[in-house]
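Okay, structure first, notes after.
What follows is calculated from the coordinates using simple rules that are stated; it is not laboratory data. Since the model is a prediction, treat every value here as computed from it, not as a measurement. With ideal geometry, Cβ positions are generated from the backbone for all residues, glycine too; neighbour counts draw on all protein chains shown.
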Amino acid sequence: MCANYCFIASILPGGIELMKKWNEENIVNNKEHDAVFMTAGISREQVWIQHMPQQNQDFVVASYETSDPEQSFKVLATSKEPWAVKFREHLKKAHGLDIAQTTIKLNELVVNWKE
């Protein structure tokens, strides 16, 4: 069973431009991206920019469809595939996030309502 796992990360100054360029050059129609994400068990990826004018801070909101978020992040953090290495470098530049050095603590579910 796949879950829609969502998370946020801050966007560093200049990060929005880096994100848009990264998307064009490294995600759209990129078989290397697809292979790494498939190996990580991710079947869908969606990313939004959340503008927070009150705080003068923007965030990325990402959604991965995966049956095992912990395993997915482990693969993304440790894969030796060249695309995965580039992805980790992008996360550092755009978000200040080093997933290879930081243990990702999964989100805590507090509401799970369904009609």
Worksheet item: Which percent of Cα-Cα pairs in the chain sits in each 5 Å bin, short to long?
Response: 2, 11, 19, 25, 22, 12, 6, 3, 0
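Please sort through the DSSP H helices of the chain and keep those with an alpha-carbon extent of at least 20 Å along the long axis and a Kyte-Doolittle average not below 1.6. Present the calculation step by step, with values, prior to reporting the outcome.
Values: long enough: none.
Span-like helices here: none at all.
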Worksheet item: Between the DSSP loop rule and a limit of at most 11 other Cβ atoms within 10 Å, which chymotrypsin sites (Phe, Trp or Tyr not before Pro) in the stretch 21-115 are left?
Response: TRP113
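Over 32 Å between C-alpha atoms is what I'm after, so list which of LYS20/LYS114; LYS20/LYS74; LYS31/LYS105 land there.
Over 32 Å Cα-Cα: LYS20/LYS114.
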Fill in: Those trypsin sites (Lys or Arg not before Pro) in the stretch 6-115 that DSSP places in a loop and that have at most 15 other beta carbons within 10 Å
LYS80, LYS105, LYS114
Item to complete: Would you calculate a helix-derived [θ] at 222 nm for the chain, using -39,500 (n - 2.57) for each DSSP H run of n ≥ 4 and dividing by the full residue count, to the nearest 500?
Response: -12000 deg cm²/dmol
Worksheet item: Tell me, what is a quarter of the convex hull surface for the C-alpha atoms of the stretch 17-84, in nm² with one decimal?
Response: 5.3
Worksheet item: LYS21: which aspartates and glutamates have alpha carbons under 18 Å from its alpha carbon, excluding same-chain residues fewer than 8 sequence positions away?
Response: GLU32, ASP34, GLU45, ASP58, GLU89
